[in-house]
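Working notes for the structure below.
The values are calculated or read from the model by the stated rules, or taken from the named source; none is laboratory data. Being a predicted model, the structure only gives us computed values, none of them experimental. Note that each Cβ is placed from the backbone with ideal geometry, even for glycine, and that neighbours are counted across all protein chains shown.
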Amino acid sequence: MDITGKTRLICLLGSPVEHSLSPQMHNLAFQTLGLPYSYMAFDLREKALPEVLRAFRSMGVRGCNLTMPLKNAVLPFCDSLSPAAALSGAVNTLVFEPDGSLHGYTTDGAGFLRALTASGIPYRGRKLVLLGTGGAGMAILVQAALSGAGEIAVFVREGSRFRARAEACLRALSARSGTRLSLHFYETAGALAHELETAALLVNASNVGMEPNTEACLLPDASLLHTGLAVADVIYSPRRTRLLRMAEERGLPCMNGLSMLLYQGAEAFRLWTGEEMPVELIDERYFRNTGEIPGTRRL
């Protein structure tokens, strides 16, 4: 890919970012379509975000992806938010317009649902148990509720700083969606086991199990994973979290975070460029048969 004076920057901001596949994915797409963009990842903590955004406005940066811990911190700096971003209280994609305005979107939820469909895991009319109320978790909650999930049981820690936001999101969604919504606490004895008994899909949208703490898991053991349950984990480093290994051992359909990464990236790519990302090419190059887990078409 040639870098010229006309090349514009798009980047990933957050910490950590060294594990991210986004630079390879987007740069291959730019090169394939002949688009004048380059994608880089920058390890950035929250305190530096205001200064960086001011600089990016001046530099003509086209856009950014955001990961932990910036998905919520960026909200005050956005001039407008997409409906899903406003409901979820999280942004993972920024678009800088020529007039200097900054628009915030979340593509995590749409990307996750596209990944489920590609993996053959149904969600419409089904019950989901959602673990995690950070940026990705709230985006998945919002998009699943607006897209026809039958019921969503959300789990959060009682003392979590995200609890109030999750409660507000559930109230707002209740007025806009026919999905049955409920909030539960990990600390409530038997609550997780009870909700999983009638669930069709368990989603780990937390960072529990991510490298380097790969043996961490929000489930105490595999006994909570019943036949007929599918399991999805938004983590892709490692490819197989402890949760997914437990599900695999019980023969359950599984999906890790690679498909979500691909499809949320495709949604962001369209916002920045107006073009469709060549997802099949990127899937073939970087994702297909990488850490494959039986029971899925694509990971």
field: Members of region 242-256 that are buried (at least 24 other Cβ atoms within 10 Å of the Cβ) and in a loop (DSSP other than H, G, I, E, B)
entry: N256
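Residues checked against (1) surrounded by fewer than 16 Cβ atoms within 10 Å (Cβ to Cβ); (2) not small (G, A, S):
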{"residue": "R124", "(1), (2)": "yes, yes"}
{"residue": "K127", "(1), (2)": "no, yes"}
{"residue": "L146", "(1), (2)": "no, yes"}
{"residue": "A149", "(1), (2)": "no, no"}
{"residue": "V154", "(1), (2)": "no, yes"}
{"residue": "E158", "(1), (2)": "yes, yes"}
{"residue": "R163", "(1), (2)": "yes, yes"}
{"residue": "C169", "(1), (2)": "no, yes"}
task: Exactly one condition in (1) surrounded by fewer than 16 Cβ atoms within 10 Å (Cβ to Cβ); (2) at pLDDT below 95 is not met by E46; state its number.
output: (2)
- line: Within region 255-299, of all residues that are among the basic types (K, R) and modelled with pLDDT under 95, the one nearest to M25 (Cα to Cα) is R285
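Looking only at region 17-64, how many residues end up being among the hydroxyl-bearing types (S, T, Y), touching a residue at least 60 places away in the same chain (Cβ under 8 Å) and under 26 Å from R239 (Cβ atoms)? So that I can check it myself, show each step before the final result.
Filtering region 17-64 for residues among the hydroxyl-bearing types (S, T, Y) gives 20, 22, 32, 37-39, 58.
From what is left, the residues that are touching a residue at least 60 places away in the same chain (Cβ under 8 Å) are 22, 32, 37.
Next cut, under 26 Å from R239 (Cβ atoms) only: 22, 32.
Looking only at that region, the number is 2.
Anything in region 13-47 that is of a type outside the set (A, V, I, L, M) and assigned to a loop (DSSP other than H, G, I, E, B)? List them, or say none.
The first filter runs over region 13-47 and keeps only residues of a type outside the set (A, V, I, L, M), leaving 14-16, 18-20, 22-24, 26-27, 30-32, 34, 36-39, 42-43, 45-47.
Of everything in region 13-47, those that are of a type outside the set (A, V, I, L, M) and assigned to a loop (DSSP other than H, G, I, E, B) turn out to be S15, P16, E18, H19, S20, G34, P36, R45.
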task: Look at G60 and say whether it is over 13 Å from the mean Cα position of the chain (by Cα) and small (G, A, S).
output: yes
message: Checking L181 against (1) in contact (Cβ under 8 Å) with a residue 60 or more places away in the chain; (2) touching a strand residue (DSSP E or B) at 6+ places or on another chain (Cβ under 7 Å); (3) surrounded by 16 or more Cβ atoms within 10 Å (Cβ to Cβ); (4) at negative phi, only one condition comes out false. Which one?
response: (1)
- prompt: Is region 157-172 home to any residue that is polar (S, T, N, Q) and touching a residue at least 60 places away in the same chain (Cβ under 8 Å)?
  reply: no
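How about region 121-159: which of its residues are in a loop (DSSP other than H, G, I, E, B), over 18 Å from T198 (Cα atoms) and touching a strand residue (DSSP E or B) at 6+ places or on another chain (Cβ under 9 Å)? So that I can check it myself, show each step before the final result.
So in region 121-159, the residues in a loop (DSSP other than H, G, I, E, B) come out as 121-123, 125-126, 132-134, 147-148, 150, 157-159.
Still in the list and also over 18 Å from T198 (Cα atoms): 132-134, 147, 157-159.
Passing the criteria: G132, T133, S147, R157, E158.
Within region 63-84, track down each residue that is outside any loop (DSSP other than H, G, I, E, B), modelled with pLDDT under 95 and within 18 Å of W272 (Cβ to Cβ). Let's see the steps before the verdict.
In the first step, residues of region 63-84 are kept if they are outside any loop (DSSP other than H, G, I, E, B); the result is 63-66, 75-77, 80-81, 83-84.
Narrowing the set further to residues that are modelled with pLDDT under 95 leaves 83-84.
Correct list: A84 only.
Of V154, V95, V91, V142, which residue is more than 30 Å from E280 (Cβ to Cβ) and β-branched (V, I, T)?
V154
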- request: Please state which of the following conditions G111 fails to meet, knowing it meets all the rest: (1) among the small types (G, A, S); (2) touching a residue at least 40 places away in the same chain (Cβ under 8 Å); (3) surrounded by fewer than 24 Cβ atoms within 10 Å (Cβ to Cβ); (4) out of contact with any His (no Cβ under 9 Å at 6 or more places or on another chain).
  value: (3)
query: Could you say whether any residue in region 88-99 is in a helix (DSSP H, G or I), surrounded by fewer than 23 Cβ atoms within 10 Å (Cβ to Cβ) and more than 12 Å from the chain's Cα centre (by Cα)?
result: no
